[in-house]
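Before any comments, here is the structure.
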There are 2 protein chains.
Amino acid sequence: MKSNYVRIFDTTLRDGEQSPGASMSSAEKLEVARSLARLGVDVMEAGFPAASPDDLEAVRRIATEVGNPSDGTPPPVICGLARAVKGDIDKAWEAVRPAANPRIHIFLATSDIHMQHKLRMSRDQVLRTVEEMVAYAYSLCQEVEFSPEDAGRSDPEFLYQVLETAIRAGATTLNIPDTVGYTTPEEFGSLIRGIIENTRGIEGCFVSTHCHNDLGLATANTLAGIQAGARQAEVTVNGIGERAGNTSLEEIVMALYTRYPFYNLTTGIDTTQICRVSKLVSNYTGIVVQPNKAIVGSNAFAHEAGIHQDGMLKNQQTYEIMRPETVGVTQSRLVLGKHSGRHALKVRLYELGYDLNDDDLNKAFQRFKNLADKKKTITDADLEALVADEFYQPREIYALDGLQVSCGTMGMPTATVRLRGPDGKLQIQAAVGTGPVDATYKAIDAIVKAPSTLLEFAIHAVTEGIDALGEVTVRIQGTNGSHKLDAQKGIEQPRTFGGHGADTDIVVASAKAYLAALNKLLVVTNHFGPAEVPSVQALTVKV
Amino acid sequence: MKSNYVRIFDTTLRDGEQSPGASMSSAEKLEVARSLARLGVDVMEAGFPAASPDDLEAVRRIATEVGNPSDGTPPPVICGLARAVKGDIDKAWEAVRPAANPRIHIFLATSDIHMQHKLRMSRDQVLRTVEEMVAYAYSLCQEVEFSPEDAGRSDPEFLYQVLETAIRAGATTLNIPDTVGYTTPEEFGSLIRGIIENTRGIEGCFVSTHCHNDLGLATANTLAGIQAGARQAEVTVNGIGERAGNTSLEEIVMALYTRYPFYNLTTGIDTTQICRVSKLVSNYTGIVVQPNKAIVGSNAFAHEAGIHQDGMLKNQQTYEIMRPETVGVTQSRLVLGKHSGRHALKVRLYELGYDLNDDDLNKAFQRFKNLADKKKTITDADLEALVADEFYQPREIYALDGLQVSCGTMGMPTATVRLRGPDGKLQIQAAVGTGPVDATYKAIDAIVKAPSTLLEFAIHAVTEGIDALGEVTVRIQGTNGSHKLDAQKGIEQPRTFGGHGADTDIVVASAKAYLAALNKLLVVTNHFGPAEVPSVQALTVKV
């Protein structure tokens, strides 16, 4: 399948979400999926439905809502991952079938080391399984993708045989993963070239790349694969994913875009959406983007200021290979102040992609006024943090009703916390800690009593200026063991929960973030009713 | 110069330090230089001495101390950058001459776009300047390196001519920069190959690569250059640098190491030092490393835990291409508690690389005891934060004497700050803010009166656990305009100042970090005596 169009297959919601602590709530996943659709990805892998009932439900929701756009835009392909077993394929189909364009993605390892140590299967068994399971998936779903896991370390002749089997059984996309991020661009390019030259039937199929960044070569390997003839690239926003992550969506898209005369290839991505999606994913996963990250890092275009300010360099091209506007970098604009009215807020939120009903607008307006009392000017970033904080919290088991803290160099940091519990009653506790956050968390623990370990805690200022809104992300792990099935390793992994909170008071933001994570933990560990995903019935934010 | 040894030229202290907000104090630079020497870099570019007297002094100090190791280890080459003008070369020579192996690195742009818009020089003028200036540098210093800036966009024939001129004038290392991060691996490899094949006299020289990561291809481009015959790679720790940064030292070293059978090339790097240096540079520059950064990100080896814990996968190689120990990843060890004595602290600090005299040990022990009162177990990370906080602060113009804060959801966040000023007197101020940190910063501002803008504010937990030591980094810019000469653009850039503080109370840590940044600002803007670098006379930390 030769053309000059490269399909972008985004797996932020599947392989990206697999990175430690990146787990998102169902509402967050839906919001990311909507943004990916707006970004223009051709395919989105929405999850691994067999991982848990929550995961299946989240994929089904995305397939239903994002897979059937009501505004006449072409529906993206919604894909669900499955191991090469019937149970997984059934669950994947159940999850993706509501989409206008559903796809089932099956994988099975083909390297000797994986077949021997992980699968404990012979080559013949692998061939038979591929044939049976791809055929089974194809009997349910018109589009089937197959991945030979650890293809980079597989015997090429056997690999061709496996791929031919998958094609005969109905697969139309053959995805070649460099599972452990081990190959060089030369090797990965040769691998793809070898497959295209030696696999019977491949001319009617899409060959796809799936690279990992363990040696910092994911982007180069993906481009080498594309140059060798692959026409689908599996990527994640910000390059998140297990270990050193996956190929970055933004790097592939902008390399092809910026170097069009060299590669002569296009994608369907609206590049001006890149920065917005990058921020959304970073906020919801809590995985920070380093300032020196290509394309989406905060410094990626930072030298701009100096040059323009100075006016010494007339020709922008001297130090610039792409315009910040192309990837949607905009200056934080001062949009609203304390005298702005409800209508101004509604209009600005709409421009930012949030279409609120009256009820939610009232709530948002109240929060906006509170913020405007404290902070002179409210920027877009403030508004986004405010809306995200309001609408994308998990189901609230415990809600923060009041917090009072004293700390400093001289005393004993003390926090008094008042929470409204699941029974609607207020509970109050005070605690002393090593600092204000520790004291607050101890007081919360004294009420909530859900033993957990704090794995990560990060605060950053959302906006410039000393009165900035602070955003806190935390990651916790329940000590009583909630687990989730890992697709590739086929084992249960301890589940971690992220929480996120924003406030001009970082101690308050810290309390909100911790409560959000604890509430997720409580929902999943069944302490409070069925392990449903947080209800999104009340969620009226539309993009 | 063909061999299978690739020289690692580290420019963390020059090109890395040029990233916004990365500016380090002289003491911090010296400490990074020591760590780079221990890491085994062949050459370190210690700075751009013409940028400011501070910068010259910092390079001279590194040349003197790190360039002449007293323990018999081979001295690294200490290099100073200079534009192709006499004044710069004189300053570079003054700075590097105390080193056992000094080098002057001269650069001049050779692309039409740069010659026309930045240099306003003709090709002839560029050739004449290269000849004169390289010869002048060679008359002072035995080792001269020359870089044709923006080589990637230069006319190849002219480029060969420039390089031949530089070689005839005495240059022995020819460094080829992809200044704007625009090339693909194929293009950069061809560029290097073309230079090696077409430049007379190049066979006796080292060809070097200097790549930027704007399209996420710096590592691949550098490797392509090495495969084409380059035997020096210019890199930075964590890939820091302007915009999307430079090639990452750790990615190049580990790609060559892990894929030795493919590349058949070695470096002199002690890989087990990589993580330690990575952390040091991240702490001192305040530039965070994203969790999914290759080699040094916190998740790079994170799946390990699951596997070992589970014990299901017998063969480690299934998902592992390098061992965490190889790059110095160690578990945070619980080393000391409140009953540990002074000797235990001294021994552990020595093992971590800090050799304190009695005075400093007493101070450190006092701080250790204070911390141990608050925190049950003290880990290596705690100790390193504690020592860094104690010894690598800039000259203290204002010192924090006391802080008292109250905040929460119910009241008005209020801070009372007591500082000891340059006259030794205590001053006290209270302020109300949008949160505890804002209130604290406003109270500090009321005393210090050095107008500045807060550009960045980040907090992270140093260690796991709710009672973690919090580390805060801030970046400010003086509103009264302190500037610094930018090497490449030849223009004065607004100078930014980073500060860093650690405490179990994040509000206290925030106050310390802000004061550290303000103190740097005050020292440089000459408000307090000569613009000396912070005195390191008192610094007895040895590594």
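The values are calculated or read from the model by the stated rules, or taken from the named source; none is laboratory data. Keep in mind it's a predicted model, so treat the numbers as computed, not measured. FYI the Cβ positions are ideal-geometry reconstructions off the backbone, even for glycines, and counts take in every protein chain you see.
Key figures
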read-out	value
Residue identified as under 25 Å from the mean Cα position of the chain (by Cα), of a type in the set (Val, Ile, Thr) and at pLDDT below 95 among A:180, A:144	A:180
Residue ID - surrounded by the most Cβ atoms within 10 Å (Cβ to Cβ), chosen from residues in the stretch A:405-425 that are under 16 Å from residue A:514 (Cβ atoms) and within 7 Å of chain B (Cβ to nearest Cβ)	A:405
Candidates A:72, A:67, filtered to the one that is away from chain B (no Cβ under 14 Å) and either touching a residue at least 12 places away in the same chain (Cβ under 8 Å) or touching a strand residue (DSSP E or B) at 6+ places or on another chain (Cβ under 9 Å) (or both)	A:67
Of residues in the stretch B:277-292 being out of contact with any Asp or Glu (no Cβ under 9 Å at 6 or more places or on another chain) and within 19 Å of residue B:252 (Cα to Cα), the one surrounded by the most Cβ atoms within 10 Å (Cβ to Cβ)	B:281
Residue selected from the stretch B:504-537 under the condition closer than 25 Å to residue B:367 by Cβ and at pLDDT below 60, by the criterion farthest from the chain's Cα centre (by Cα)	B:537
Pairs where the first residue, in the stretch A:1-20, is modelled with pLDDT of 95 or more and in a loop (DSSP other than H, G, I, E, B) and the second is buried (at least 24 other Cβ atoms within 10 Å of the Cβ) and among the charged types (D, E, K, R), C-beta under 7 Å, 6+ apart	A:11/A:45; A:11/A:234
In the stretch B:178-211, the residues that are assigned to a loop (DSSP other than H, G, I, E, B) and farther than 16 Å from residue A:224 by Cα	B:179, B:180, B:181, B:182, B:199, B:200, B:201, B:205
Matching residues in the stretch A:49-67 - criterion: being under 12 Å from residue A:33 (Cα atoms) and assigned to a loop (DSSP other than H, G, I, E, B)	A:66, A:67
Failed item, numbered, when residue B:469 is tested on (1) modelled with pLDDT of 80 or more; (2) touching a Ser or Thr at 6+ places or on another chain (Cβ under 7 Å); (3) closer than 23 Å to residue B:289 by Cβ	(1)
Subset tally (residues that are modelled with pLDDT of 95 or more and closer than 24 Å to residue A:164 by Cα) for the stretch A:204-215	7
Within the stretch B:38-53, tally of residues that are farther than 21 Å from residue B:107 by Cβ and buried (at least 22 other Cβ atoms within 10 Å of the Cβ)	1
Residue that is under 22 Å from residue B:259 (Cβ atoms) and modelled with pLDDT of 95 or more, where the choices are A:218, A:233	A:218
Residues satisfying the stated conditions in the stretch A:278-293, i.e. under 14 Å from residue A:502 (Cβ atoms), out of contact with any Gly (no Cβ under 6 Å at 6 or more places or on another chain) and within 12 Å of another protein chain (Cβ to nearest Cβ)	A:282
Selection from the stretch B:84-120 of residues that are surrounded by fewer than 21 Cβ atoms within 10 Å (Cβ to Cβ) and within 15 Å of residue B:132 (Cα to Cα)	B:85, B:86, B:87, B:90
Residue ID - farthest from residue A:78 (Cα to Cα), chosen from residues in the stretch A:26-56 that are at pLDDT 95 or above and of a type in the set (D, E, K, R)	A:42
Residue match in the stretch A:256-274 (condition: charged (D, E, K, R) and without any contact (Cβ under 8 Å) to a residue 40 or more places away in the chain)	yes
Among (1) under 30 Å from residue A:126 (Cβ atoms); (2) modelled with pLDDT under 95, the one test that residue A:72 misses	(1)
Enumeration of residues in the stretch B:431-455 that are more than 12 Å from every other protein chain (Cβ to nearest Cβ) and either assigned to a strand (DSSP E or B) or touching a helix residue (DSSP H, G or I) at 6+ places or on another chain (Cβ under 7 Å) (or both)	B:448, B:450
Selection status of residue B:272, in contact with a strand residue (DSSP E or B) (Cβ under 8 Å, 6 or more places away or on another chain) and either under 23 Å from residue B:33 (Cα atoms) or at pLDDT 95 or above (or both)	no
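One line per residue, one yes/no per condition, for (1) at pLDDT 75 or above; (2) exposed (fewer than 14 other Cβ atoms within 10 Å of the Cβ); (3) of a type outside the set (Asp, Glu):
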{"site": "B:322", "(1), (2), (3)": "yes, no, yes"}
{"site": "B:334", "(1), (2), (3)": "no, yes, yes"}
{"site": "B:337", "(1), (2), (3)": "no, yes, yes"}
{"site": "B:351", "(1), (2), (3)": "no, yes, no"}
{"site": "B:366", "(1), (2), (3)": "yes, yes, yes"}
{"site": "B:427", "(1), (2), (3)": "yes, no, yes"}
